[in-house]
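Below: the structure, in structure tokens.
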Amino acid sequence: MNYIRVMRLLKRSFGVERVADVDIIVWAIAKREETHAEFFRILAEQLPENLTPGELILCLHDNPLKVAQVYLRKGDYKTSSFWASQAFEIYLKDEYRRLTGYPIRRDPKKGELEDIIDQLSKTPEYDGWRDYLPSLRWRRNKAIHPDDEFTKVDGEALIDGAGKLKQKVEAAKNRKVFRSK
């Protein structure tokens, strides 16, 4: 499911019609970019704010929130929401692993993110987030389903929430590094 979601995210971001086209683009990026310079020039015209196809793919894990903000500024709320959803999931899973020290487990009666949120809500660090995290998950679910409408308000709220979660995760990591010295 993660693979399919990423392929749909890239399809939407690259502005191509088929997910199979994403496969071709990723293959071309994996080869030498200068060999496919004309192809990349045409593809880059579809991307906002001078993002290159390679940068877009690198941002999948390195900085999806940055790309979400770029698409939000462009007014493409649905693509923005896909990227913000990617960011939300990454930060949520990082935090789960940090707090529990365990790989992500899954309650068969719940979805993965619902289970992670339930587990995080039981920790003192997330006492004040008990309602906030489920609301972000609801927006994330709304974002990744192609038929659900997603507004600017939804996009801003999801990006803001993912940003707050990112800050919380990074602050906790920095405290842990500081304590160990």
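The values are calculated or read from the model by the stated rules, or taken from the named source; none is laboratory data. Remember, it's a predicted structure, so these values are computed and weren't measured experimentally. Methodologically, a virtual Cβ is constructed for each residue, glycine included, from the backbone with ideal geometry; neighbour enumeration extends over all protein chains shown.
Observations
- Residues that are in contact (Cβ under 8 Å) with a residue 24 or more places away in the chain, closer than 23 Å to residue 6 by Cα and in contact with a helix residue (DSSP H, G or I) (Cβ under 6 Å, 6 or more places away or on another chain), drawn from segment 123-150: 133, 136, 137, 139, 140, 143, 144, 150
- Scanning segment 100-117 for residues that are surrounded by fewer than 17 Cβ atoms within 10 Å (Cβ to Cβ), within 20 Å of the chain's Cα centre (by Cα) and of a type in the set (Asp, Glu) turns up just one, 114.
- From the list 57, 90, 25, the one residue that fits, being at pLDDT 65 or above, more than 26 Å from residue 149 (Cα to Cα) and in a helix (DSSP H, G or I), is 25.
Yes/no per residue for (1) within 28 Å of residue 11 (Cα to Cα); (2) surrounded by 16 or more Cβ atoms within 10 Å (Cβ to Cβ); (3) not assigned by TED's automatic domain parsing to the domain that holds residue 130:
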residue	(1), (2), (3)
73	yes, no, no
80	yes, yes, no
92	yes, yes, no
97	no, no, no
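- Applying a threshold of 6 Å to beta carbon distances and a minimum spacing of six or more residues, or different chains, the list of pairs starting in segment 105-122 at a residue that is without any contact (Cβ under 8 Å) to a residue 60 or more places away in the chain and ending at one that is assigned to a loop (DSSP other than H, G, I, E, B) reads 112/106; 115/106; 115/107; 121/130.
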